[in-house]
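Trainee: Pasting a structure below so you can have a look.
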Amino acid sequence: MTDEASLVPNAPRPVPRVLALANQKGGVGKTTTAINLGTALAAIGETVLIIDLDPQGNASTGLGIDRRSRRVSTYDVLTGEASLREGILETAVPRLHIAPSTMDLSGLELELAGERDRAYRLRDAIRALNAVPAHSDRQRNEIDYTYVLIDCPPSLNLITVNAMAASNAILVPLQCEFFALEGLSQLLKTVEQVRTTLNPQLTIHGIVLTMFDARNNLSSQVVDDVRQFMGEKVYETIIPRNVRVSEAPSYGKPVLLYDLKCVGSQAYLRLASEIIQRERALRAAA
């Protein structure tokens, strides 16, 4: 999306809101939420970049990015071999782009172990994304993103710390199952450590409950427990367990493209609207 400011040489670029989707537990709907929230935000007019930081690359695959197309990946960005803008690819969704990942990311922690700036690689890459080179005018085809969503790996490692250090806030997908709260306290401790040592502005944006099964009394109990534990940090929107949501990645599509009318698609549209409302409230309070 090109605004008038984008045509002015050396004008400051708008700064996107950066949200990291993090949970050290696997299978909680983190990547599914990144893909479909990004699509929903784009559908309501935002310009969105998803940064795939999971070595498995499921967010990239789920958006139809073939592995042979990933010539520049987030591994290259974090090692300093390429800029973030060099790695960005278009998706089938208008206003939604992705920086894909590859398995090379799995060895990143060892490679960067001795580097002093190892926790700030992603932060610096995102800042450079918005910078206008002093020696040249802004390219007319360069996108100004309003949201950056970071899909983190299912662990609290250096990659996740990079995401937290680069983000304004954390969005936590939490599955409606028996051990939902197990591990949440450790994630919250990690967020607090990053806030204290690396990123004083970091907050918890919210917790989204996923894979809710209305036929299961346990799901309702988990919702009650999480709301009691985390209060207003829990979004009102709950993502239901839905076959269409599970099927969509195998076709390389977000569920909103695969089946817009299904309950999963409608839930992600509501979540996007709720996030926008929270963002407006945060700006009004600032």
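Trainee: Going down the list LYS30/LYS189; LYS233/LYS253; LYS25/LYS253, which pairs span over 22 Å between their C-alpha atoms?
Mentor: LYS233/LYS253; LYS25/LYS253
Trainee: What nm value, rounded to one decimal, do you get for the distance between GLU115 and SER83 when each label is placed 7 Å out toward the C-beta?
Mentor: With each label point 7 Å from Cα toward Cβ, the separation is 1.8 nm.
Trainee: Using Cα-Cα distances under 8 Å and only pairs 6 or more residues apart, what relative contact order does segment 163-286 have, in percent? Before the final figure, lay out the partial values.
Mentor: Working: 144 pairs, mean separation 27.3, N = 124.
Contact order relative to length: 22 percent.
Trainee: Between THR196 and ALA281, how high is the FRET efficiency from 1/(1 + (r/R0)^6) when r is the Cβ-Cβ distance and R₀ = 22 Å? Nearest 0.05. Write out the running numbers ahead of the final one.
Mentor: Details: r = 25 Å, r/R0 = 1.16.
In this case the efficiency is close to 0.30.
Trainee: Please return the longest stretch of the chain lacking exposed loop sites, where GluC sites (Glu not before Pro) count only if DSSP places them in a loop and at most 16 other Cβ atoms lie within 10 Å. Present the calculation step by step, with values, prior to reporting the outcome.
Mentor: Numbers: sites that count: GLU81, GLU115, GLU142, GLU182.
Longest site-free region, per DSSP loop and neighbour criteria: 183-286.
Trainee: I've got another one for you. Tell me, what is the per residue accessible area of segment 106-212 in Å², probe radius 1.4 Å?
Mentor: Each residue of segment 106-212 exposes 45 Å² on average to a 1.4 Å probe.
Trainee: Here's a follow-up. What nm value, rounded to one decimal, do you get for the distance between LEU188 and GLU232 when each label is placed 7 Å out toward the C-beta?
Mentor: 1.6
Trainee: Right, another one. Answer with one residue from LEU202, ASN168, VAL223: the one whose Cα lies farthest towards the positive end of the charge dipole of the chain, charges on Cβ with Lys, Arg +1 and Asp, Glu -1.
Mentor: Projecting each Cα onto the dipole axis, the largest value belongs to VAL223.
Trainee: Given a 1.4 Å probe and heavy atoms of the protein chains only, how would you sort MET230, MET103, largest accessible area at the top?
Mentor: Accessible-area ranking of MET230, MET103, largest first: MET103, MET230.
Trainee: If the chain between GLU274 and SER250 were fully stretched, how many nm would it gain, using 0.36 nm times the residue separation less the Cα-Cα distance?
Mentor: Full extension from GLU274 to SER250 adds 5.9 nm.
Trainee: Residues with amide H under 5 Å of VAL148's amide H, sequence separation 5 or more or different chain, H placed in the peptide plane at 1.01 Å from N; which?
Mentor: ARG17, VAL18, LEU19, LEU49
Trainee: Another question, then. What do you get for trypsin sites (Lys or Arg not before Pro) in segment 233-286 restricted to DSSP loop and a cutoff of at most 16 other Cβ within 10 Å of the site's Cβ?
Mentor: Values: sites: LYS233, ARG241, ARG244, LYS261, ARG270, ARG278, ARG280, ARG283; in loops: ARG241, LYS261.
Filter output for segment 233-286: LYS261.
Trainee: Same structure again: Would you calculate a helix-derived [θ] at 222 nm for the chain, using -39,500 (n - 2.57) for each DSSP H run of n ≥ 4 and dividing by the full residue count, to the nearest 500?
Mentor: -11000 deg cm²/dmol
Trainee: Treating only the Cβ atoms of Lys and Arg (+1) and Asp and Glu (-1) as charged, compute the dipole magnitude of the chain about its Cα centre; round to the nearest 20 debye.
Mentor: 300
Trainee: Scan the chain and report its longest stretch carrying no chymotrypsin sites (Phe, Trp or Tyr not before Pro) that are both in a DSSP loop and have at most 15 other Cβ atoms within 10 Å.
Mentor: Details: sites that count: PHE178, PHE179.
With a cap of 15 other Cβ atoms within 10 Å, the longest stretch comes to 1-177.
Trainee: Per the 1.4 Å probe, what fraction of the accessible area of the chain, in percent, lies on carbon and sulfur atoms?
Mentor: On the way: 6930 of 13480 Å².
Carbon and sulfur: 51 percent of the exposed surface of the chain.
Trainee: With helices defined as uninterrupted DSSP H runs, which ones in the chain have an alpha carbon span along their own long axis of at least 24 Å and mean Kyte-Doolittle hydropathy of at least -1.0?
Mentor: Taking the DSSP H segments of the chain (at least 24 Å long, mean hydropathy at least -1.0), we get 263-285.
Trainee: Please report, to one decimal in angstroms, the Kirkwood hydrodynamic radius of the chain built from all distinct Cα-Cα pairs. Before the final figure, lay out the partial values.
Mentor: Details: mean 1/r = 0.0521 Å⁻¹.
By the Kirkwood definition, the hydrodynamic radius is 19.2 Å.
Trainee: May I ask you to compute the full-extension gain from ASP224 to VAL243, defined as 0.36 nm times their residue separation minus their alpha-carbon distance, rounded to one decimal in nm?
Mentor: Contour length minus the Cα-Cα distance gives 4.4 nm.
Trainee: Taking 35 Å as R0, compute the FRET efficiency from the Cβ-Cβ separation of LEU181 and ARG67 and round it to 0.05.
Mentor: Efficiency, rounded to the nearest 0.05: 0.45.
The values are calculated or read from the model by the stated rules, or taken from the named source; none is laboratory data. Just so it is clear, the structure is predicted and the values come from calculations on it, not from any experiment. Cβ coordinates were reconstructed from backbone atoms using ideal geometry, including for glycine residues, and neighbour counts include every protein chain displayed. Note: areas computed on protein heavy atoms with side chains; ligands, DNA, RNA excluded. Shrake-Rupley method; radii C 1.70, N 1.55, O 1.52, S 1.80 Å.
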